[in-house]
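What follows is one structure encoded as structure tokens, with my remarks underneath.
The values are calculated or read from the model by the stated rules, or taken from the named source; none is laboratory data. Everything quoted here is computed from the prediction, not taken from an experiment. Every residue, glycine among them, receives a Cβ derived from its backbone with ideal geometry; neighbour counts consider all protein chains shown. The accessibility values were calculated without ligands, DNA or RNA, using every heavy atom of the protein model including side chains. Shrake-Rupley method; radii C 1.70, N 1.55, O 1.52, S 1.80 Å.
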Amino acid sequence: MTDLADLPDAVRRVEIAALAKALPFRVVKTEVIARTAEEAAKAVSAEVGQIVKSLVFRGAVTGQAYLLLVSGTNRVDQTAVAGAIGEALERPDADFVREHTGFAIGGVAPLGATSPLPVFMDEDLLAFDAIWAAAGTPFHVFETTPNDLKAATDARVIGVRG
């Protein structure tokens, strides 16, 4: 475990949220930036599919922010996901993402958001023993298991590909 005092505020928020949910994980500071799934996989010597992309979408009707936890190899089929969520989705701008999560794009974590968000998890992540997700900045990631992350985020498992 990292000393909380040495972490950026966003990473500290993620670590506190994980501790509150009893999520087994460890934060790693990468030597290189890990804004993309490919960069993150290289930084932690993992498969791209093991990287959790934490993507924020906006409901086209309600304006609700939704958090999708997506395998690094997958692209979100917005029509398929809209069927599971119950409304059409839009890709929001960076200001919307920061406003609803407290994180900048590239460092959005699956937990520790400043606002409660409905969370949906890509079923393909369940195929891995270990997965890696952003921990609040593009230089911090954490390792956990898919089932532990699902439980900690109260995520609903869905298919994200059409």
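With the simple model of a label 7 Å out from the Cα in the direction of the Cβ, Ala80 to Ile33 spans 3.0 nm. For Gln64, the amide hydrogen comes within under 5 Å of the amide hydrogens of Gly59, counting only partners 5 or more places away or on other chains and with H modelled in the peptide plane. In percent, rounded to a whole number, the relative contact order of region 14-98 is 21, using alpha-carbon pairs under 8 Å and six or more apart. Using the Kirkwood radius built from alpha carbon pairs, what does the Stokes-Einstein equation give as D for the chain at 4 °C and 1.567 mPa s, in µm² per second? Using the Kirkwood radius from Cα pairs, D works out to 84 µm²/s.
Working from label points 7 Å from Cα in the Cα-to-Cβ sense, the Glu99 to Arg161 distance is 3.4 nm.
Within the assembled protein chains, the solvent-accessible surface assigned to Val32 is about 80 Å², based on a 1.4 Å probe.
Checking every one of the GluC sites (Glu not before Pro) in region 1-50 against DSSP loop status and a limit of 13 other Cβ atoms within 10 Å picks out Glu31. Each residue of region 59-71 was assigned a 3J(HN,Hα) from its phi angle through the Karplus expression (A = 6.51, B = -1.76, C = 1.60, θ = phi - 60°), giving x, 5, 9, 8, x, 5, 7, 10, 10, 10, 9, 10, 4 Hz with x at Gly and Pro. Taking amide H atoms as placed 1.01 Å from N in the peptide plane, list the residues 5 or more away in sequence, or in a different chain, whose amide H sits under 5 Å from that of Arg26. Hits under the 5 Å cutoff: Glu143.
Per residue, the solvent-accessible area of the chain (1.4 Å probe, heavy atoms of protein chains only, all protein chains present) comes to 48 Å².
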